[in-house]
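What follows is a short report on a single structure.
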Amino acid sequence: MRQTAPILPFPSALAPIRINRKPLWIALLLVLAGAAYLLETVGWRQSALWITGALLGITLYHASFGFTQAFRVFVSDRRAAGLRAQMIMLSVGVLLFFPILAGGSLFGQPVNGLVSPAGVSVLLGAFLFGIGMQLGGGCASGTLFAVGGGNTRMIVTLLFFIIGSVLGTAHFPWWSALPALPPTSLVKSWGVPAALAANLAVFAAIAGISTVLEKRRHGHLVSTSTGTGTPASLLRGPWPLVWGGIALVVLNLATLALAGRPWGITSAFALWGAKTLDGLGMDVASWTYWTRQQASLAAPLRQDVTTVMDIGLMLGALAAACAAGKFAPVWKVPARQLAGAVVGGLLLGYGARLAYGCNIGAYFSGILSGSLHAWLWLPAAFVGNVIGVRLRPAFGLAVEKTPAPSSC
């Protein structure tokens, strides 16, 4: 009788830790101060979105839910725990989101998905983004939570992510004129039952194929329950991957209820870059991309939902890193790795604009929105990740064979 191959868990022992108390208190005070400021100057929804961003940062850090590393270890060694966790996350997400989006409201708030054109620019942008994920060391969410967690190399990635984003807005009219289908929602085109069935079938197929490939290579699986799952780990980590994925879905749902649309990240980077250029005297407002977003360009950043959530996310990740005793910035970064951060950041920012979003706005929230463009984004970004993994050694970057307990 054939025996089932065992599923190997990660070590679960919690080693004694020393909490980084001073930066932890600073992070918590900034979160509270920001929430109070936004409540007073903008409103309760913006304040709640700030808190939601902070909770997303805590989740991403403690669960080490890095999309980049999940792709990398699968490409390099067919380890697929991260991919399976993503498929579980997406399955729970569509079950919650599709009926709500079909209804058009949530708790009395009108809601809409992130649905964008599906065409050549998405394929090219996602491909570039995928390469950038591996060279820059993280995706959009990974970059933010790593910066908040004290990864100094990722500060360089973020800076050039912003530069690449604003460059993408400068060239956006040309790319957006390439052949594309109009924005297509599978929920509206097919109806909820058919859209759910199709999406769940694809998720199952991806999980199944990745499982077969991992077993073929290793004879056993790495569990998607990475982490301890004990009460103590709730505050100091690590969390099981499945915990992290489900928490991301719940917090994305909270974003939908508060903002009227799902979670996004990179539009804020383009806005930060454009406002900086505008402040330096450049006529950014005349660019075609920004003529359609004059209100956002003119308004203070505290009114931008994505900016508020991004900053909250970094502060939440900082608090999580301090609670785990892992906040220890290292300022000396090898030149080749810095070069990777520069090139990767530019590709991330530019690619995100061409593809109408990143791993969050185009992939995670795009699939939960039922957008056809998300299903173009995923394979194109995966191919880009394959190329990026091959290029990492040239920039002095490791290609690990198994998931590390904390990485993006």
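The values are calculated or read from the model by the stated rules, or taken from the named source; none is laboratory data. Note that the structure is a prediction, hence the values are computed from the model and not measured. As a convention, Cβ positions derive from the backbone with ideal geometry for all residues, glycine included, and neighbour counts pool all protein chains shown. For accessibility, only protein heavy atoms count, side chains too; no ligands or nucleic acids. Shrake-Rupley method; radii C 1.70, N 1.55, O 1.52, S 1.80 Å.
Which residue, of Val166, Val147, is at pLDDT below 90 and β-branched (Val, Ile, Thr)?
On the way: Val166 fails: at pLDDT below 90.
When all the criteria are applied, what remains is Val147.
Quick one: which residue in Gly357, Gly312, Gly316, Gly366 is open to solvent by less than 60 Å² (accessible area, probe 1.4 Å), of a type in the set (Gly, Ala, Ser), modelled with pLDDT of 90 or more and outside any helix (DSSP H, G or I)? If you could, list the steps in order and put the result at the bottom.
Working: Gly312 fails: outside any helix (DSSP H, G or I); Gly316 fails: outside any helix (DSSP H, G or I); Gly366 fails: outside any helix (DSSP H, G or I).
Of the residues listed, the single one that is open to solvent by less than 60 Å² (accessible area, probe 1.4 Å), of a type in the set (Gly, Ala, Ser), modelled with pLDDT of 90 or more and outside any helix (DSSP H, G or I) is Gly357.
Could you check how many residues of the stretch 336-354 are touching a residue at least 60 places away in the same chain (Cβ under 8 Å) and either among the polar types (S, T, N, Q) or open to solvent by 10 Å² or more (accessible area, probe 1.4 Å) (or both)? Break it down stepwise before answering.
Looking only at the stretch 336-354, we keep the residues that are touching a residue at least 60 places away in the same chain (Cβ under 8 Å), and these are 336-338, 340-354.
So of that shortlist, the ones also either among the polar types (S, T, N, Q) or open to solvent by 10 Å² or more (accessible area, probe 1.4 Å) (or both) come out as 336-338, 342-343, 346-347, 350, 353.
Result for the stretch 336-354: 9.
I'm trying to understand the selection: among the residues of the stretch 294-309, which are farther than 20 Å from Leu56 by Cα, open to solvent by less than 40 Å² (accessible area, probe 1.4 Å) and part of a helix (DSSP H, G or I)? Steps first, please.
The first filter runs over the stretch 294-309 and keeps only residues farther than 20 Å from Leu56 by Cα, leaving 294-300.
Checking which are open to solvent by less than 40 Å² (accessible area, probe 1.4 Å) leaves us with 297, 299.
Residue satisfying the conditions is Leu297 alone.
Looking only at the stretch 278-293, count how many residues are loosely packed, with under 15 Cβ neighbours inside 10 Å and not hydroxyl-bearing (Ser, Thr, Tyr). Show your work before the answer.
Quick first cut of the stretch 278-293, residues loosely packed, with under 15 Cβ neighbours inside 10 Å only: 279-283, 285-286, 288, 291-292.
Still in the running and not hydroxyl-bearing (Ser, Thr, Tyr): 279-283, 285, 292.
The qualifying residues number 7.
To keep it simple, each residue is scored yes or no on (1) among the basic types (Lys, Arg); (2) over 21 Å from Ser141 (Cβ atoms); (3) modelled with pLDDT under 90.
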residue: Gly208; (1), (2), (3): no, yes, no
residue: Thr230; (1), (2), (3): no, yes, yes
residue: Leu234; (1), (2), (3): no, no, yes
residue: Pro240; (1), (2), (3): no, no, yes
residue: Ile246; (1), (2), (3): no, no, no
residue: Asn252; (1), (2), (3): no, no, no
residue: Leu258; (1), (2), (3): no, no, no
residue: Trp263; (1), (2), (3): no, no, no
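Just give me the residues in the stretch 262-283 being without any contact (Cβ under 8 Å) to a residue 40 or more places away in the chain and either over 20 Å from Tyr350 (Cβ atoms) or hydrophobic (A, V, I, L, M, F, W, C) (or both), in sequence order.
Passing the criteria: Leu271, Gly279, Leu280, Gly281, Met282, Asp283.
Does Phe10 satisfy the condition of being modelled with pLDDT under 95, in a loop (DSSP other than H, G, I, E, B) and surrounded by 22 or more Cβ atoms within 10 Å (Cβ to Cβ)? Before you say what the answer is, go through the steps one by one.
Numbers: modelled with pLDDT under 95: yes; in a loop (DSSP other than H, G, I, E, B): yes; surrounded by 22 or more Cβ atoms within 10 Å (Cβ to Cβ): no.
So Phe10 fails the test.
Checking Pro173 against (1) over 24 Å from Gln86 (Cβ atoms); (2) open to solvent by 60 Å² or more (accessible area, probe 1.4 Å): exactly one of these is not met. Which one?
(2)
Looking at Arg392, is it closer than 26 Å to Ala63 by Cα and among the basic types (Lys, Arg)? Quick ask: steps written out before the conclusion?
On the way: closer than 26 Å to Ala63 by Cα: yes; among the basic types (Lys, Arg): yes.
Yes.
Filter the stretch 369-408 for residues that are among the aliphatic types (A, V, I, L, M) and at pLDDT below 95; which is most open to solvent (accessible area, probe 1.4 Å)?
Initial filter on the stretch 369-408 (among the aliphatic types (A, V, I, L, M)): 372, 374, 376, 378, 380-381, 383, 386-387, 389, 391, 394, 397-399, 404.
Checking the rest, the ones that are also at pLDDT below 95 come to 397-399, 404.
On the way: Leu397: 19, Ala398: 71, Val399: 44, Ala404: 41 Å².
Checked the stretch 369-408; the qualifying residue most open to solvent (accessible area, probe 1.4 Å) is Ala398.
Of all residues in the stretch 20-52, how many are open to solvent by 60 Å² or more (accessible area, probe 1.4 Å) and at pLDDT below 90?
Looking only at that region, the number is 1.
Which of the residues belonging to the stretch 182-212 are outside any helix (DSSP H, G or I) and touching a helix residue (DSSP H, G or I) at 6+ places or on another chain (Cβ under 7 Å)? Walk me through it before giving the result.
The initial filter retains those residues of the stretch 182-212 that are outside any helix (DSSP H, G or I), namely 182-185, 191.
The answer is Thr184, and nothing else.
Quick one: in the stretch 377-395, which of the residues that are among the aliphatic types (A, V, I, L, M) and more than 17 Å from the chain's Cα centre (by Cα) is nearest to Gln134 (Cα to Cα)? Spell out how you get there, then give the answer.
Taking the stretch 377-395 first, the residues among the aliphatic types (A, V, I, L, M) are 378, 380-381, 383, 386-387, 389, 391, 394.
Subset that is more than 17 Å from the chain's Cα centre (by Cα): 383, 386-387, 389, 391, 394.
Numbers: Val383: 12, Val386: 9, Ile387: 9, Val389: 6, Leu391: 8, Ala394: 12 Å.
Result: Val389.
Can you name every residue in the stretch 179-199 that is in contact (Cβ under 8 Å) with a residue 12 or more places away in the chain and either open to solvent by 40 Å² or more (accessible area, probe 1.4 Å) or in contact with a His (Cβ under 7 Å, 6 or more places away or on another chain) (or both)?
Matches in the stretch 179-199: Pro179, Ala180, Leu181, Pro182, Pro183, Lys188.
Considering (1) of a type in the set (Phe, Trp, Tyr); (2) buried (at least 22 other Cβ atoms within 10 Å of the Cβ); (3) assigned to a loop (DSSP other than H, G, I, E, B), say which one Trp331 fails and leave the rest.
Only one criterion in (1) of a type in the set (Phe, Trp, Tyr); (2) buried (at least 22 other Cβ atoms within 10 Å of the Cβ); (3) assigned to a loop (DSSP other than H, G, I, E, B) is unmet by Trp331, namely (2).
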